[in-house]
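The values are calculated or read from the model by the stated rules, or taken from the named source; none is laboratory data. Not measured: the values here are computed from a predicted model. Virtual Cβ from ideal backbone geometry, glycine too; neighbours counted across all protein chains shown.
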Amino acid sequence: MPAKREYDAPGIILAAIFILIAGIFLNDSRTLVDSDSYVFPAAICTLMIGLSIGFIVWNLLKPHPDKEATPVMGSTPRRIGLVALMLVSAFIMPYVGFLPAGIGVFATLMVLAMFEPWTLKRALTYALVCVAIVTGFYVIFDIVFLVPLPEMPF
Amino acid sequence: MHGIDYVLEAISFYHISIALAGVAAGTVIGALPGLTATMAIAVLVPLTFSMKPASALILMGAIYTGAIYGGAYSAILLKTPGTPSAIATTFDGYPMAKRGDGDLAVTLACTSSVLGGLIGAGFLLGLAPPLAKIALAFGPVEYFWLAIFGLSLISALSEGHMVKGLIGGCFGMLLTTIGVAEVSADIRYTFGSQTLIGGIEPVSALIGLYCIPVLIDLVATPARHLKVSSESRGFRLREALALSWRHKFNLIRSSVIGTIVGILPGAGGSIAGLVAYSEARRSSRRTDYFGTGEPEGVMASESANNATVGGGFIPTLVLGIPGTPPDAVILGALLVQGIRTGPNLFVGDESSIVYVFIAGLFVATLLMLPTGLLIGRYAYRFIINVPKAVLVPTVAFMTIIGTYAIRNNMSDVVIMILLGAIGWILDRYGFKPSPIVLGLILSRIAEQGFVQGWTIGKARGNVVAEFFARPISLGIIAFICVSMFYPIIARRWKLKEEPQNARET
């Protein structure tokens, strides 16, 4: 059976968003006085708008054979949880310090990424691994490479 | 001292020990995203002050060469280039690892890096003074076209969505324009945000775009992220050597490209890897397989980026102009030692330092073979055997701390995570991360070259001639055209020939 021809709706929406982004940048370019500052970004914005418009028009005039979109496999809450936890770690680290924030977030990420049942032995082993890895990172970056990691406030 | 004396000095127990330690330390540091070769050398520079100049150079060269190779591990096993030089390694290295050939990819990266490093060092030994003149022949316009040559790879990396790839490339370039302008130093596109004044750091952005989508998918399912073979296959060295022999021209060409790009100040290993990858793809019989786990891609990228080590030392030692960022640190360390770089360094009283160092660089590069294979094997085993509940937080943590370490700035971490999440969404709808990353990495060189070329052209009254009438520029433009259109033309020829062949048979 021939493939159904369909519009790439998400692609069209994303192309429209790219046009919007380029438009905002282009508009902001008007605040720049020195031509050296805006000639290159303005050229990129114009190219991006042209390509996005071309993509949208081409898609509307000549829809593609429907390619099966890759289905989202697995747990969406875990995905959102990962991004949220990483963001939380970035926000709390300057206030709480690297080691406490790191151990807390690392342990929560371990729980998030665990697909097997927890046992006491496993929990204890993973807790030790968590402390060892975070401390290891602290030693490598803070002590060896002198990266000023956020300090504990007390 | 004569030739043999330099070699004997370089293979003394002391020099072999520091070269081995340097290569091992560099490899481990390079494998950690965010820790670059420049940082590794900068941290260890104080250790070299008490050493003899040749020993100091050998240690720094060994760290440098090890770090450039180490970047391949995370590129292959985690789709996160440990150093920007390994960007092109992710294109085929990670797909190889996904299908169960990660061990072969790591071994190929090692053998190719060794060959590339040896060829780069060979050029440094034999042709340093004449080759240094190439660096002086490159003006801003040539750098602009070189960046465009790198960007021409978008056509190969768009995975069937050429226009989406080009839009992604533009998006990447636009992201880099945020913050302080490259030439005029105006603050632009910050929209009143203090955080954005520093701009978007390209390395943290590429960590986000490559690594966060992998983590997002990794955390969602219990399945292993790399396919594991049931039987033990060792290092797969014989297979890697056979592949290297079969693709020897690719390896040599990529190493020469790496050396030449390394000579150009500011260009660096990432451009070398991308240009070599582009050329390998163009000239391969398996063009269509590039990006899906083609060993030739890994070989091209890894041989080229390690060849930049020797190439980068050419302008550093002959002209006193650092070819790559780590060379700038090494140059500083040499000045502290009281060494004056310049053409006389190769003929004067201090020539013994240079020649012992070059011999030491050969030794360090050769030592990378056993060291790299051994570390690579353990890295591969660790990644495939470690439970997901440990792997996910470790990699997530590595991206956070690695990004923070680049500028000691937590805002970079937030931007990295957000870009990663956006990258995951874009990837699902056909806007692949690689073109965005190419835009991010090459935009600064492209803008600087474009604006300077444009200003010079305006002052001379002919902007078009400035961009299109210089011989080196024309040569690069020709390569860009071939790189962009050859695959399309070749595919059409193939399609034309197929029915003809069918009729004949």
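Taking the criterion of being in a helix (DSSP H, G or I), more than 8 Å from chain A (Cβ to nearest Cβ), of a type in the set (A, V, I, L, M, F, W, C) and surrounded by fewer than 20 Cβ atoms within 10 Å (Cβ to Cβ), would at least one residue in the range B:425-443 satisfy it?
Scanning the range B:425-443, I find at least one residue that is in a helix (DSSP H, G or I), more than 8 Å from chain A (Cβ to nearest Cβ), of a type in the set (A, V, I, L, M, F, W, C) and surrounded by fewer than 20 Cβ atoms within 10 Å (Cβ to Cβ), so the answer is yes.
When you check A:A113 against the structure, is it buried (at least 20 other Cβ atoms within 10 Å of the Cβ), of a type outside the set (S, T, Y) and either touching a strand residue (DSSP E or B) at 6+ places or on another chain (Cβ under 6 Å) or within 19 Å of B:I216 (Cβ to Cβ) (or both), yes or no?
yes
Identify all residues within the range B:367-392 that are in contact (Cβ under 8 Å) with a residue 24 or more places away in the chain and within 7 Å of another protein chain (Cβ to nearest Cβ); write none if there are none.
Result: B:K388, B:V392.
For the subset of the range A:122-154 comprising residues that are hydroxyl-bearing (S, T, Y) and surrounded by fewer than 14 Cβ atoms within 10 Å (Cβ to Cβ), which member is nearest to A:P100 (Cα to Cα)?
A:T135
Any residue in the range B:92-101 that is modelled with pLDDT of 85 or more and under 15 Å from the mean Cα position of the chain (by Cα)?
yes
Criterion first (more than 8 Å from every other protein chain (Cβ to nearest Cβ) and not aliphatic (A, V, I, L, M)) does B:R470 satisfy it?
yes
Looking for whichever is in contact with a His (Cβ under 7 Å, 6 or more places away or on another chain), in contact (Cβ under 8 Å) with a residue 60 or more places away in the chain and among the hydrophobic types (A, V, I, L, M, F, W, C) here; the options are B:I76, B:I58. Which one fits?
Exactly one residue qualifies, and that residue is B:I58.
Conditions (1) more than 30 Å from A:P117 (Cα to Cα); (2) among the polar types (S, T, N, Q); (3) touching a residue at least 12 places away in the same chain (Cβ under 8 Å), marked per residue:
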position: B:V347; (1), (2), (3): yes, no, no
position: B:S351; (1), (2), (3): yes, yes, no
position: B:F357; (1), (2), (3): yes, no, yes
position: B:T365; (1), (2), (3): yes, yes, yes
position: B:T394; (1), (2), (3): no, yes, no
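Being away from chain A (no Cβ under 12 Å), in a helix (DSSP H, G or I) and among the aliphatic types (A, V, I, L, M) is the requirement here; does B:L419 meet it?
Answer is no for this residue.
With respect to B:S85, determine if the residue is in a helix (DSSP H, G or I) and over 22 Å from the mean Cα position of the chain (by Cα).
Taking the combined requirement at face value, the residue does not satisfy it.
Which count do you get for residues in the range A:89-99 that are out of contact with any Gly (no Cβ under 9 Å at 6 or more places or on another chain) and closer than 15 Å to B:G420 by Cβ?
Result for the range A:89-99: 1.
Scan the range B:14-40 for residues that are surrounded by fewer than 24 Cβ atoms within 10 Å (Cβ to Cβ) and β-branched (V, I, T) and jot them down.
B:I16, B:I18, B:V28, B:T38 - these are the residues of the range B:14-40 that are surrounded by fewer than 24 Cβ atoms within 10 Å (Cβ to Cβ) and β-branched (V, I, T).
B:T399 versus (1) more than 26 Å from B:I76 (Cβ to Cβ); (2) within 14 Å of chain A (Cβ to nearest Cβ); (3) polar (S, T, N, Q); (4) in contact (Cβ under 8 Å) with a residue 40 or more places away in the chain: which is the lone unmet condition?
Only one criterion in (1) more than 26 Å from B:I76 (Cβ to Cβ); (2) within 14 Å of chain A (Cβ to nearest Cβ); (3) polar (S, T, N, Q); (4) in contact (Cβ under 8 Å) with a residue 40 or more places away in the chain is unmet by B:T399, namely (1).
Based on this model, can you work out whether B:I339 counts as part of a loop (DSSP other than H, G, I, E, B), of a type in the set (V, I, T) and farther than 23 Å from B:Y14 by Cα?
no
If we keep just the residues of the range A:73-103 that are assigned to a helix (DSSP H, G or I) and over 21 Å from the mean Cα position of the chain (by Cα), which is nearest to the other protein chains (Cβ to nearest Cβ)?
Only one residue tops the list, namely A:F98.
Restricting the range B:444-454 to residues that are in contact with an Asp or Glu (Cβ under 7 Å, 6 or more places away or on another chain) and closer than 17 Å to A:D34 by Cβ, which is farthest from the other protein chains (Cβ to nearest Cβ)? Let's see the steps before the verdict.
Looking only at the range B:444-454, we keep the residues that are in contact with an Asp or Glu (Cβ under 7 Å, 6 or more places away or on another chain), and these are B:444, B:447-448, B:451, B:453.
Now drop any that are not closer than 17 Å to A:D34 by Cβ, which leaves B:447-448, B:451, B:453.
Values: B:E447: 4, B:Q448: 9, B:V451: 5, B:G453: 11 Å.
Among those residues, the one meeting the criterion is B:G453.
I need the full set of residues from the range A:134-154 which are within 11 Å of chain B (Cβ to nearest Cβ), within 15 Å of B:M410 (Cβ to Cβ) and assigned to a loop (DSSP other than H, G, I, E, B), in order please.
Passing the criteria: A:V147, A:P148, A:L149, A:P150.
With the condition kept exactly as written, say whether any residue in the range B:126-143 is under 24 Å from B:I252 (Cβ atoms), in a helix (DSSP H, G or I) and acidic (D, E).
yes
In the range A:112-130, is there at least one residue being closer than 18 Å to B:G402 by Cα and facing another protein chain (nearest Cβ under 7 Å)?
The answer is no; no qualifying residue exists.
Of the residues B:G120, B:G116, B:G168, only one is within 14 Å of chain A (Cβ to nearest Cβ), part of a helix (DSSP H, G or I) and modelled with pLDDT of 90 or more; which?
B:G168
Within the range A:1-20, track down each residue that is more than 7 Å from chain B (Cβ to nearest Cβ) and closer than 21 Å to B:G439 by Cα.
Correct list: A:A16, A:I17, A:I19, A:L20.
Test B:G93 against the criterion of being away from chain A (no Cβ under 14 Å), in a loop (DSSP other than H, G, I, E, B) and closer than 22 Å to B:N385 by Cβ, and give yes or no.
no
Answer yes if at least one residue in the range B:59-73 is crowded, with 24+ Cβ neighbours inside 10 Å, farther than 30 Å from B:V7 by Cβ, touching a Pro at 6+ places or on another chain (Cβ under 9 Å) and modelled with pLDDT of 80 or more, and no otherwise.
No - not one qualifying residue is present in the range B:59-73.
Taking the range B:179-202 on its own, how many of its residues are at the interface with another protein chain (Cβ under 9 Å from one of its Cβ atoms), among the hydrophobic types (A, V, I, L, M, F, W, C) and under 18 Å from A:A22 (Cβ atoms)?
Here the count works out to 2.
When you go through B:L78, B:L44 one by one, which is the residue that is surrounded by 24 or more Cβ atoms within 10 Å (Cβ to Cβ) and under 22 Å from B:Y404 (Cβ atoms)?
B:L78
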